[in-house]
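Read through the structure below, which is laid out as structure tokens, and then see the notes.
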């Protein structure tokens with residue numbers, strides 16, 4: 001147990017500092033809200049930690065450390081403070097400074113403006129996560145199947161080049177037909193942007209990873225592409241949660257503290273999974289995480305025209321993770337020598 005706690009030392013320190021800062025900003029109520037937001041962030045992003053671990057386990061040690069330092073700053077301040085402010089600035093046609101001032105002085109109007117971008121966020125994040133989900137199950141090199149009756153045919157279909165992109169585009173088109181006419185173009189353009197970003201980040205890493213030249217330059221570029229992949233993945237996971245956090249508070253700093261604490265624990269979980277070889281010990285845990293990602297992508301898409309409670313979003317991901325963990329333990333027990 002103590003060997004596991006060492007991975008969370010920095011997370012506990014950040015928690016204490018963050019809750020103290022929240023108390024200074026708004027007293028006991030603000031501290032309580034920050035604590036609730038941190039718990040929600042961890043529960044909703046556990047599958048994110050598993051997927052991060054699948055990438056980090058093959059990442060160069062230098063870039064792994066950079067992800068845990070620079071990536072942490074980007075995740076907390078970039079995706080949970082700066083990026084939402086920039087979105088409000090674009091939508092409201094304000095300067096970034098004016099948008100930040102709006103968030104501080106008129107938090108309700110800021111929250112309303114940010115919430116209005118939900119369709120764009122869902123289009124981008126849903127499309128990116130959908131491709132992450134589909135890519136895993138259409139991978140021709142995938143040998144371990146949790147649900148063979150479903151996954152084996154998908155691997156065979158993976159021989160068709162770009163099949164996951166075609167399926168994603170078909171889903172995007174169908175969802176767009178369910179939206180009001182004035183929202184369709186925004187949704188489609190956001191989804192296409194998500195698809196393009198995925199192709200660039202994933203394709204760039206695959207291209208460099210396949211080169212036979214193992215020079216330091218190639219290693220750095222491959223590490224950089226994996227770093228960017230994880231950051232976009234984190235953005236797709238987290239930004240919808242940023243919007244949902246306004247149901248508890250309109251203070252962007254309280255939200256950033258709460259979600260930031262949660263993000264820190266998610267990264268601690270990620271490192272623990274990598275160093276402890278958790279994915280190797282639990283055969284189907286990775287599958288459960290990717291099923292959860294697919295479920296989240298569908299929820300983001302459906303949420304553009306039908307409201308879905310955050311509890312449902314969190315429960316679906318948790319159920320996939322728990323069931324896959326149980327299946328892994330059962331497999332381990334049946335195949336132990």
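The values are calculated or read from the model by the stated rules, or taken from the named source; none is laboratory data. Here the structure is a predicted model, which is why all the values come from computation and not from measurement. In this analysis, Cβ positions are derived from the backbone assuming ideal geometry, glycine residues included, and neighbour counts consider all displayed protein chains.
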In this structure, is residue 271 at pLDDT 80 or above and either within 22 Å of residue 304 (Cβ to Cβ) or not in a loop (DSSP other than H, G, I, E, B) (or both)? yes
Any residue in segment 1-28 that's farther than 20 Å from residue 249 by Cβ: show its pairings with residues that are at pLDDT below 85 and not in a helix (DSSP H, G or I) at Cβ separation under 8 Å, as long as the two are six or more apart or on different chains. 4/276
Given (1) under 30 Å from residue 103 (Cα atoms); (2) without any contact (Cβ under 8 Å) to a residue 60 or more places away in the chain; (3) in a loop (DSSP other than H, G, I, E, B), identify the lone condition not met by residue 336. (1)
Within segment 119-144, track down each residue that is over 21 Å from residue 297 (Cα atoms) and in contact (Cβ under 8 Å) with a residue 40 or more places away in the chain. 144
Out of segment 169-185, which residues are within 18 Å of residue 306 (Cβ to Cβ) and surrounded by fewer than 16 Cβ atoms within 10 Å (Cβ to Cβ)? 173, 174, 177, 178, 180, 181, 182
Please verify whether segment 230-248 includes one or more residues that are at pLDDT 85 or above, buried (at least 19 other Cβ atoms within 10 Å of the Cβ) and over 17 Å from the mean Cα position of the chain (by Cα). no
Please verify whether segment 307-317 includes one or more residues that are farther than 24 Å from residue 17 by Cα and at pLDDT 85 or above. no
Identify all residues within segment 24-63 that are farther than 22 Å from residue 288 by Cα and surrounded by fewer than 16 Cβ atoms within 10 Å (Cβ to Cβ); write none if there are none. 24, 25, 27, 28, 29, 36, 61, 62
Please verify whether segment 301-318 includes one or more residues that are over 21 Å from residue 124 (Cα atoms), in contact (Cβ under 8 Å) with a residue 24 or more places away in the chain and out of contact with any helix residue (DSSP H, G or I) (no Cβ under 6 Å at 6 or more places or on another chain). yes
Residue set 150, 134; condition surrounded by 18 or more Cβ atoms within 10 Å (Cβ to Cβ), at pLDDT 85 or above, touching a helix residue (DSSP H, G or I) at 6+ places or on another chain (Cβ under 9 Å) and in a helix (DSSP H, G or I); output residue 134
Of the numbered conditions (1) touching a helix residue (DSSP H, G or I) at 6+ places or on another chain (Cβ under 6 Å); (2) within 19 Å of residue 127 (Cα to Cα); (3) modelled with pLDDT of 85 or more, residue 261 satisfies every one except a single condition; which is it? (2)
Quick one: which of 166, 203 is surrounded by fewer than 16 Cβ atoms within 10 Å (Cβ to Cβ), at pLDDT below 85 and assigned to a helix (DSSP H, G or I)? 203
